[in-house]
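Report on the structure given below.
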Amino acid sequence: MSVKLDKGHKVSLAKADGGQLSTITLGLGWDAATSLFGGGSIDLDASCVMLDGSKNKVDTVYFGHLRSNDGSIRHTGDNLTGDGDGDDEQIIVDLTRVPASVQYLVFTVSSYRGQTFDKVKNAAVRVLDDKNTELVKYDLAAKGSHTGMVMGKVYRHNGGWKFHAIGEPTTGRTVEDMMPLVKASC
């Protein structure tokens, strides 16, 4: 059963029977907003920053680095348009392989071409379990003149993992441009 979250909400990531999840997929979907002149395409990029307990960056997974150095996180590839239904980009996390030193997995979305989010509609983040069952859905309030957003974070909590819907807009064409807000979100 999927939980619909609003900005600021948190939820434990667990199986229906209460057991720990081994794998999650974060899916990002979006469409280009239409105007009198048509729709066009929007190139958004999903990224995941791995941070330790002191908020130091351990690794970043994005369209230019599709797999974390330790192999625990994998990006499925870059979608340059947002066309089609469902997830446009996915990041798959093997929670059992995330190093113990990593406390936070912060997920961002940015517009590499500098297109602003007022040109985006139907932007949403989903967290799926290893059977592709939707656990969490978070509709991003994507309107505005910003070019990036810290979508949410997955973090260690009492021996398990939780998801926190952050939804903080920022400027930046790349995840590196957003690092001050990424660190502040932990």
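The rows are residues; the columns are (1) in contact with a helix residue (DSSP H, G or I) (Cβ under 6 Å, 6 or more places away or on another chain); (2) within 20 Å of T23 (Cα to Cα); (3) of a type outside the set (V, I, T).
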{"position": "V125", "(1), (2), (3)": "no, yes, no"}
{"position": "E134", "(1), (2), (3)": "no, yes, yes"}
{"position": "G144", "(1), (2), (3)": "yes, no, yes"}
{"position": "Y155", "(1), (2), (3)": "no, yes, yes"}
{"position": "G160", "(1), (2), (3)": "no, yes, yes"}
{"position": "G172", "(1), (2), (3)": "yes, no, yes"}
{"position": "E176", "(1), (2), (3)": "no, no, yes"}
{"position": "M179", "(1), (2), (3)": "no, no, yes"}
{"position": "V182", "(1), (2), (3)": "no, no, no"}
Residues of region 154-186 being in a loop (DSSP other than H, G, I, E, B) and small (G, A, S), in sequence order, are G159, G172, S185
Name the single residue that is surrounded by the fewest Cβ atoms within 10 Å (Cβ to Cβ) among those in region 72-95 being of a type in the set (V, I, T) and at pLDDT 95 or above. I92
Within region 57-71, residues aliphatic (A, V, I, L, M) and either in contact with a His (Cβ under 8 Å, 6 or more places away or on another chain) or loosely packed, with under 14 Cβ neighbours inside 10 Å (or both) come out as V61, L66
Residues that are part of a loop (DSSP other than H, G, I, E, B), closer than 20 Å to K162 by Cα, modelled with pLDDT of 85 or more and out of contact with any strand residue (DSSP E or B) (no Cβ under 8 Å at 6 or more places or on another chain): does region 42-55 have at least one? yes
Would you please name the residue that is surrounded by the fewest Cβ atoms within 10 Å (Cβ to Cβ), looking only at residues in region 127-153 that are basic (K, R) and either modelled with pLDDT of 90 or more or outside any strand (DSSP E or B) (or both)? K131
All positions within region 105-124 that are surrounded by fewer than 22 Cβ atoms within 10 Å (Cβ to Cβ) and touching a strand residue (DSSP E or B) at 6+ places or on another chain (Cβ under 7 Å): Y112, K119, K121, N122, A124
If a residue must be outside any loop (DSSP other than H, G, I, E, B) and either touching a Gly at 6+ places or on another chain (Cβ under 7 Å) or of a type in the set (F, W, Y) (or both), how many such residues does region 93-108 contain? 4
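The values are calculated or read from the model by the stated rules, or taken from the named source; none is laboratory data. Small disclaimer: the values here were computed from a predicted structure and weren't measured. Don't worry about glycine lacking a Cβ; one is built from the backbone with ideal geometry, like all the others, and counts go over all protein chains shown.
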